[in-house]
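Accompanying notes for the structure given below.
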Amino acid sequence: MHTVWKGAISFGLVHVPVKMFSATEDKDISMRYVHKECGSPLSYVRKCPVCDEEVGWEEIAKGYEYEKGKFVLFEKEELEQITEQANKAIAILDFVDLSEIDPIYFQKTYYLAPDQAGGNAYQLLKEAMQQSGKIGIAKISIRSKSSLAAIRVLDECLAIETMFYPDEIRPVSQVPNLPENIQVNDKELGMAQMLIEQLSTPFEPKKYGDDYRERLLDLIEHKVAGEEIKIAPAKQETNVIDLMAALQASIEAAKPVATDPGPAKKTARGKAKAKPAEPAAAAGEGPKPKRRKTAKKNETVS
Amino acid sequence: MPLTPIVPFEPVMTDVLPSGEQWIAQIKWDGVRMITYYEGGEVQLVNRKGNNRTRQYPELLDIASYCRADSVILDGEIIALVDGVPSFHQVMKRDSLRVEQQIKARVQQVPIVYMIFDILYYNGEWVTGRPLRERQQLLTETVIPSGHVQLVPSYTDIPLLHDVSVQHRLEGIVVKDLNSVYALGGKDKRWQKRKNIQDVNAVVGGVTFRDGIVNALLLGLYTDDGSLIYIGHAGTGKLKVADWRSITERVANMAVKDRPFVNQPERQKGAVWIRPEWVVKVNFLEWTPGDTLRQPSIQAFVDVSPADCRLDL
């Protein structure tokens, strides 16, 4: 784990130097855009459509479009000025009960570890929070973005959840088509409750896996190993063995005729016509209907 | 003993099929001629022109699965079926690939079969000096037929096999002398082919357009003195709309001012002459009295040197 932030928790007179680590990781499998023809990954070019030229980073500023086509530009320093003064601090404002916070507020979780000689203060804060059962609400700035956050004890560690500000959360009233004044049938309600009862179980996160990711990883492994993946069931081409068997059948069907002198053909039949119409002994025994299943049958992944 | 690529034996064309005890007939499987070399280690597949095609046919690399020999050279034809019959165009979809990923992707899409008909080298010894009869015996003892590998059966009733080959819409038959030895690089009457469909590799010397897209190729063959003789134009066959579009694009860089053909093509109006660099395999019914192709049908672009496309009839 690498440190994503370094600073201190402050509340009252207590000052706890901490390092912050991401508690979760995004395991989405990322793919790149590749030129089909030559297999090279694409490079992206920042281009000015007006000057029709590529633009280097040193020529780029951030701009806010306050009116269509009109921008106010900001230099990096200007933006840094307004990031909160207490940049390096997690200032605990209040202590609340965890159950009071709806999960909708939680954004991303980080672990906090004591930094330098912060071990004692860290332990003190953790113990106090554990015993009170409270969690701290704080303000924190990470990379120029200021967030609300909740500090809580997770196993033997302090964790901090960044939170949305209330005005970042859309009210339920904006959701269309929510039922109003509809009476539910008591019987049906009873049934539904019974069903919930039956499906009720302790939460075991290990039970749940990302099936899509597993299938995708599997597919990738096959590709990397050079095995072919059947996207759609392959069209069943008539087998050469079928053709050879059909040829053989035609030969055999013609066998009685073969002994018939018949009208002379353009080709010199000579002695050949009287001969049995079987494959010559020396030359393989014709088609072998037995098909060896040596060809790798790859799992159909779709 | 380093196995350097050999030039395989070629049959001569015939209209009159031979007869006699020593002659057998085999179906002429329409695909690409392929020689397999193995002396322990890795298998090598090399075509008639000496070009290596090992990468193109990964299903043939595990030679132990289809051949019981410590070292061997096998001669045969790699085919791919369309609607139950071999299609040269189809096998070229495999043979023409160079990008590893595409080759892998097409293994399933375009299945191939190696139709083996001869053995030239076996367990450290050349067997080309043995009569065909014995080589065939050796083949049946050595090759294990499978989904991707088959032995070409031989038949004693030559006219019957010819009839059957016509009936099944196959390319033709090859008649071989059981007493004959295998002559490396040879081409003579010990193997004779009779084709139901004629074909020729022709040089493209010009194109015509319809609505801005190429709609026909003007074809030619070289004479011994190096001049290109126009032999007809072909606009039908296996090429799809996308192929014609791509031809149209590529033609733009190949246009030349002067007509590459020494004689005057009957279809000259609106023709654009191009550098004679492309070779196409064309099926046709027969030669017209005016020495052009009747009903030519384009089968595929082929990797053949234009200089090798000669008028030798």
What FRET efficiency comes out for the pair A:I29/B:E21, r = Cβ-Cβ distance, R0 = 60 Å, nearest 0.05?
-> 0.30
What average number of partner chain Cβ atoms lie no more than 10 Å from the Cβ of the residues making up A:239-251?
-> 6
Surrounding charge for B:A242, neighbours by C-beta under 15 angstrom, Lys/Arg +1, Asp/Glu -1, total +3
Which value in nm describes the separation of the simple spin-label points at B:E277 and A:R170, placed 7 Å from the Cα toward the beta carbon?
-> 5.8 nm
Kindly express, to the nearest 10 degrees and within the range 0 to 90, the angle between helix B:132-142's C-alpha long axis and the longest C-alpha principal axis of chain B.
-> 70 degrees
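Return A:M191, B:M115, B:M92 ranked ascending by Cβ neighbour count within 10 Å, so the fewest neighbours appear first.
Working: A:M191 11, B:M115 24, B:M92 21.
Exposure proxy ranking, most exposed first: A:M191, B:M92, B:M115.
Exposure proxy check: A:H2, B:H168 ranked by fewest other beta carbons within 10 Å?
Going from least to most buried by this count: A:H2, B:H168.
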Rounded to one decimal in nm, the spacing of the 7 Å Cα→Cβ label points at A:E54 and A:K145 is 3.0 nm
Gain upon complete extension [A:F95, A:Q183; 0.36 nm per residue less C-alpha separation] | 27.6 nm
By the mean-Cβ-within-10 Å protection proxy, highest first, A:212-221, A:57-66, B:276-285, A:170-179 rank as B:276-285, A:212-221, A:57-66, A:170-179
Once the other residues with Cβ under 12 Å from the Cβ of A:I60 are scored (Lys, Arg +1; Asp, Glu -1), what is the net sum?
-> 0
Qualifying aspartates and glutamates (Cα of each under 19 Å from Cα of A:K47; at least 8 residues distant if same chain) = A:E58, A:E59, A:E65
Would you give the gap between the C-alpha center of region B:258-313 and the C-alpha center of region B:121-169, rounded to a whole Å?
-> 34 Å
In terms of the Cα gyration tensor, with a ≥ b ≥ c the square roots of its eigenvalues, is region B:10-195 rounded because a/c is under 1.5, prolate because a/b exceeds b/c, or oblate?
-> oblate
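Got a sec? How would B:K176, B:K93, A:K126 order by Cβ neighbour count within 10 Å, fewest to most? Kindly include the intermediate steps, with their values, before the conclusion.
Numbers: B:K176 26, B:K93 16, A:K126 19.
If I rank by nearby Cβ atoms, fewest first, I get B:K93, A:K126, B:K176.
Pairs A:K27/A:K62; A:K76/A:K145; A:K19/A:K62; A:K36/B:K240; A:K19/A:K139; B:K176/B:K238: which are spaced more than 25 Å apart, C-alpha to C-alpha?
Working: A:K27/A:K62 31 Å; A:K76/A:K145 14 Å; A:K19/A:K62 30 Å; A:K36/B:K240 21 Å; A:K19/A:K139 16 Å; B:K176/B:K238 31 Å.
A:K27/A:K62; A:K19/A:K62; B:K176/B:K238, as the Cα separations exceed 25 Å there.
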Is there a simple number for the mean count of other chain Cβ atoms within 10 Å of the Cβ of residues in B:159-172, and what is it?
-> 4
Could you list which residues have their amide H under 5 Å from that of B:Q198, counting only those 5 or more apart in sequence or on another chain, with H placed in the peptide plane?
-> B:F284
Estimated dipole of chain B in Debye, rounded to 20 [Cβ of Lys and Arg +1, of Asp and Glu -1, Cα centre] | 900 debye
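Set the Förster radius R0 to 22 Å, insert the Cβ-Cβ distance between B:D224 and B:N52 as r into 1/(1 + (r/R0)^6), and round the FRET efficiency to 0.05. Mind showing how you got there, number by number?
Values: r = 31 Å, r/R0 = 1.39.
E between B:D224 and B:N52, to the nearest 0.05, is 0.10.
So which chymotrypsin sites (Phe, Trp or Tyr not before Pro) in region B:114-200 end up in coil per DSSP with only 14 or fewer other C-beta atoms within 10 Å?
Details: sites: B:Y114, B:F117, B:Y121, B:Y122, B:W126, B:Y155, B:Y182, B:W191; in loops: B:Y182.
For chymotrypsin sites (Phe, Trp or Tyr not before Pro) across region B:114-200 that sit outside H, G, I, E and B with at most 14 neighbouring Cβ atoms in 10 Å, the list is empty.
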Phi-based couplings in Hz for region B:64-73 (Karplus 6.51, -1.76, 1.60; Gly and Pro marked x) = 4, 6, 9, 8, 8, 7, 7, 8, 6, 10
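At a temperature of 4 °C and a viscosity of 1.567 mPa s, determine how fast region B:95-221 diffuses translationally according to Stokes-Einstein, using the Kirkwood radius over alpha-carbon pairs as Rh; express D in µm²/s, rounded to the nearest whole number.
Values: Rh = 18.6 Å.
Reported coefficient: 70 µm²/s.
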With R₀ set to 51 angstrom, the calculated FRET efficiency between the beta-carbons of B:E266 and A:I220, to the nearest 0.05, is 0.35
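Using only alpha carbon pairs under 8 Å that are at least six residues apart, calculate the relative contact order of region B:10-195 and give it in whole percent.
Values: 379 pairs, mean separation 62.4, N = 186.
Relative contact order, region B:10-195: 34 percent.
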Report, as an integer, the average count of C-beta atoms from other chains found within 10 Å of each Cβ along B:134-144.
-> 2
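Read-outs throughout are calculated quantities, based only on the coordinates presented, and are distinct from any laboratory measurement. Since this is a predicted model, take the numbers as computed values, not measurements. Please note: Cβ atoms are built from the backbone with ideal geometry, for glycine as well, and neighbour counts cover all protein chains shown.
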